[in-house]
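> Before I ask anything, here is the structure I am working with.
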Amino acid sequence: MSLTFYYSPRSTASITHLVLEELGVPYEKIKLDIRKGETRRPDFLRLNPNGKVPLLVDDGTPIWESAAITMYLGEAFGAARGLYPAPGPRRGEAMKWIAWSNVTLADPVARWQRNTTDWTPAEQHNAKAAEAALADMHNCLAILNEGLEGKQFLTGGYTLADTHVNSLADWLRMLKVDFSAYPDLNGWSQRCAARPAYARVMAGG
Ligand SMILES: N[C@@H](CCC(=O)N[C@@H](CS)C(=O)NCC(=O)O)C(=O)O
């Protein structure tokens, strides 16, 4: 087994970074500077034609999309370490939250970001689109909060689904989304952030 992880700090690649650190598997890290266009270099595009991080190369096979990477690593290494459910309904639940966060939650977040932040030129911002995105985002956060009601973690004990979804929640916090209405989500996030792997990644490890 040989794992190579292509990443950029403070990007979607943080999800995969956290997952790899949780698993404690050996891997090589290759840092790319998005602003310098390093994700668009021909050698990188040959591995990921989307020109995006994270990218994981396992024994020469490129795997892109953070949700796919989390599920792949969960199956390959997580189940044996108690960090990913065995095949069955609990694994289905873990996959549900991972896919949901990347598809259903990330969509309004991206729309909101596009219409409010300096990642997009101000003349392209649309106040009505931003308002609709914010409402959709809060609907998702309410769903997540309800999914965590009375639970320590998403599917029982801590799994890579928690690592993955909490990393997306961090992205929202970075965007200054107000989480005050979501006590179960906040408590869960604090439990996820208490993991040693989380502290290592946040410290730049
Ligand atoms: N759906 C992808 C999104 C990946 C993504 O958008 N990555 C951004 C960083 S947050 C990127 O690499 N952008 C570089 C570029 O567009 O050149 C995933 O979950 O892996």
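The values are calculated or read from the model by the stated rules, or taken from the named source; none is laboratory data. Not measured: the values here are computed from a predicted model. Cβ placement follows ideal geometry from the backbone for every residue including glycine, while neighbour counts extend to all protein chains displayed. Calculation scope for accessible area: heavy atoms of the full protein, side chains included, ligands and nucleic acids excluded. Shrake-Rupley method; radii C 1.70, N 1.55, O 1.52, S 1.80 Å.
> Which numbered condition in (1) modelled with pLDDT under 95; (2) under 15 Å from ALA94 (Cβ atoms); (3) open to solvent by 70 Å² or more (accessible area, probe 1.4 Å) is the only one that GLY156 fails?
The single condition GLY156 does not satisfy is (3).
> Can you name the condition, by its number, that ALA94 falls short on among (1) closer than 30 Å to MET137 by Cβ; (2) out of contact with any Pro (no Cβ under 8 Å at 6 or more places or on another chain)?
(2)
> If you don't mind, another one. Residues being assigned to a loop (DSSP other than H, G, I, E, B), crowded, with 20+ Cβ neighbours inside 10 Å and near the ligand (Cβ under 8 Å from one of its atoms): count how many of those fall in segment 48-83.
Residues flagged as assigned to a loop (DSSP other than H, G, I, E, B), crowded, with 20+ Cβ neighbours inside 10 Å and near the ligand (Cβ under 8 Å from one of its atoms) within segment 48-83 amount to 3.
> Looking at segment 24-34, can you tell me whether even one residue there is of a type in the set (Phe, Trp, Tyr) and either outside any loop (DSSP other than H, G, I, E, B) or within 9 Å of the ligand (Cβ to nearest atom) (or both)?
Within segment 24-34, not a single residue is of a type in the set (Phe, Trp, Tyr) and either outside any loop (DSSP other than H, G, I, E, B) or within 9 Å of the ligand (Cβ to nearest atom) (or both).
> Can you name every residue in segment 84-105 that is open to solvent by 70 Å² or more (accessible area, probe 1.4 Å) and over 29 Å from ASP33 (Cα atoms)?
PRO87, PRO89, ARG90, MET95, LYS96
> Can we say LEU134 is of a type in the set (A, V, I, L, M, F, W, C), open to solvent by less than 40 Å² (accessible area, probe 1.4 Å), closer than 16 Å to PHE179 by Cα and at pLDDT 95 or above?
Against the criterion (of a type in the set (A, V, I, L, M, F, W, C), open to solvent by less than 40 Å² (accessible area, probe 1.4 Å), closer than 16 Å to PHE179 by Cα and at pLDDT 95 or above), LEU134 does not qualify.
> Something else: Can you tell me which condition ILE15 does not meet? The list is (1) under 18 Å from the mean Cα position of the chain (by Cα); (2) away from the ligand (no atom under 12 Å from the Cβ); (3) part of a helix (DSSP H, G or I), and all the others hold.
Exception for ILE15: condition (2).
> Kindly indicate the residue of segment 159-189 that is out of contact with any helix residue (DSSP H, G or I) (no Cβ under 9 Å at 6 or more places or on another chain) and under 17 Å from ALA142 (Cα atoms) and also modelled with the lowest pLDDT among those meeting that condition.
LYS176
> Could you figure out which of (1) touching a strand residue (DSSP E or B) at 6+ places or on another chain (Cβ under 8 Å); (2) under 17 Å from MET202 (Cα atoms); (3) not β-branched (Val, Ile, Thr) isn't true of LEU23?
Looking at each condition in turn, LEU23 falls short on (1).
> Next question, about the same structure. Do you know which residues across segment 36-47 are loosely packed, with under 13 Cβ neighbours inside 10 Å, of a type in the set (D, E, K, R) and within 9 Å of the ligand (Cβ to nearest atom)?
ARG40
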